[in-house]
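Everything below concerns the one structure shown next.
The values are calculated or read from the model by the stated rules, or taken from the named source; none is laboratory data. Small disclaimer: the values here were computed from a predicted structure and weren't measured. Here the Cβ positions follow ideal geometry from the backbone for every residue, glycine too, while neighbour counts run over all protein chains shown. For accessibility, only protein heavy atoms count, side chains too; no ligands or nucleic acids. Shrake-Rupley method; radii C 1.70, N 1.55, O 1.52, S 1.80 Å.
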Amino acid sequence: EDLIRPVLARTKRAAPLAVKLDGAGLDMTPELWTLIRSGLAFVLAIIAWAASGTMAAALVVGVPLGFMAPQAWLNRRRKKRSKNFEEGLPDALMLMASSLRSGFSLDQAIVATSDQADNEVSTELRRAVQEIRIGSPLEAALDRIAERMDSSDFRWVVTALRIQRKSGGNLAELLITVSHTVRQRAQMGREVAALTAEGRLSAYVLIGLPLVLFAFLMLTQPAYLEPLWKTTMGLMITGVGVVMLIVGWLLMKKLVQVDV
């Protein structure tokens, strides 16, 4: 880890990576995560080299797969936590508003909400409460939640709290309004997802078809595919094909993605 730390410091990737790991719920340092990815890439490169007998296969297949697969898993895990967080956010805001109407201060309402709720929101609020107790400003602790969870909805909540603190007003009513807005936005997002389901299914079919065909030929006619990893031209074609599949997937995903 000591060897990796200066590299991450020079590339300024340590802080963003730490936020991603934190948001995914992984208790590890950026240096350890980078070491794991590098180790996996090395192992897969050795396997590809042993299977094909060529160094090109290790460089074209093993190394990229070793680096990309863990990062894809990390992004998926963080996205899942973020989705669970945003699903539980409207109810948490209503609980907070009820606590404020009962006469609690904002700090006490956050503590009460973190104790009553049982989801990703409560987990993050409990962490914010701990940070506040050791001297962190309230708004800074909430900003870190929004950054960890990559939640635009919670950023709106923090912005609303910041404005209310400066201008005054009924904070409970404000939180209720924000809760309704977040809930309606989530409902609209589900409607958009239903309308774009056909496009996403088409993307899955188009991306999965060559992979399924490749697996079928590997089982029935493996000798037919051997030139793809036993010749230099075949390795180049394989590399170009993989890159085109990834680019195609990203483009189709962008086409069916609608921001709400």
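The simple Förster model, with R0 at 45 Å and r as the Cβ-Cβ distance, assigns Asp115 and Met236 a FRET efficiency of 0.15. Positive-end ranking of Gly241, Gln164, Ser202 along the dipole of region 155-248, with charges on Cβ about the Cα centre, is headed by Gln164. Round to the nearest 10 and give me the degree value, 0 to 90, for the angle of helix 106-116's Cα axis relative to the longest principal axis of the chain. For 106-116 against the chain, the angle is about 60 degrees.
With the simple spin-label model, which puts each label point 7 Å out from Cα in the Cβ direction, the Met218 to Ser136 separation comes to 4.4 nm.
Placing unit charges on C-beta atoms (Lys and Arg positive, Asp and Glu negative, everything else neutral), compute the dipole magnitude of region 189-260 about its Cα centre in debye, rounded to 20. Its charge dipole is roughly 80 debye. Relative to the longest principal axis of the Cα atoms of the chain, the long axis of helix 152-167 lies at roughly 30 degrees. Carbon and sulfur together cover what percent of the accessible area of the chain at a 1.4 Å probe radius? For the chain, the apolar C and S fraction of the accessible surface comes to 65 percent. Given a Förster distance of 41 angstrom, what is the FRET efficiency for Lys253 paired with Leu106, based on the Cβ-Cβ distance and rounded to 0.05? So the FRET efficiency works out to roughly 0.55. Taking Cβ atoms as reference points and 13 Å as the exclusive limit, the residues near Gly199 contribute a net charge of +2, counting Lys and Arg as +1 and Asp and Glu as -1. Rounded to the nearest 0.05, the FRET efficiency derived from the C-beta distance between Glu87 and Ile46 at R0 = 41 Å is 0.45. Multiplying the residue separation of Arg127 and Glu173 by 0.36 nm and subtracting their alpha-carbon distance yields 14.0 nm. Summing Cβ point charges (Lys, Arg +1; Asp, Glu -1) relative to the Cα centre of the chain gives a dipole of roughly 440 debye.
Across every pair of non-identical alpha carbons in the chain, the mean reciprocal distance, once inverted, gives a Kirkwood radius of 21.9 Å.
The stretch between Trp73 and Lys12, if pulled fully straight at 0.36 nm per residue, gains 19.8 nm over its current Cα-Cα span.
For Trp249, the solvent-accessible surface with a 1.4 Å probe is about 80 Å², rounded to the nearest 10. In the context of the full set of protein chains, residues of region 57-96 present 55 Å² of accessible surface per residue (probe radius 1.4 Å, heavy atoms only). Taken over region 25-110, the alpha-carbon convex hull comes to 93 cubic angstrom per residue. Helix 171-195 and the long axis of the chain differ in direction by around 30°, with both axes built from C-alpha atoms. Subtracting the Cα-Cα distance of His180 and Ala197 from 0.36 nm times their residue separation leaves 3.5 nm of extension gain.
Over region 140-260, accessible surface divided per residue gives 67 Å², non-protein components excluded, 1.4 Å probe.
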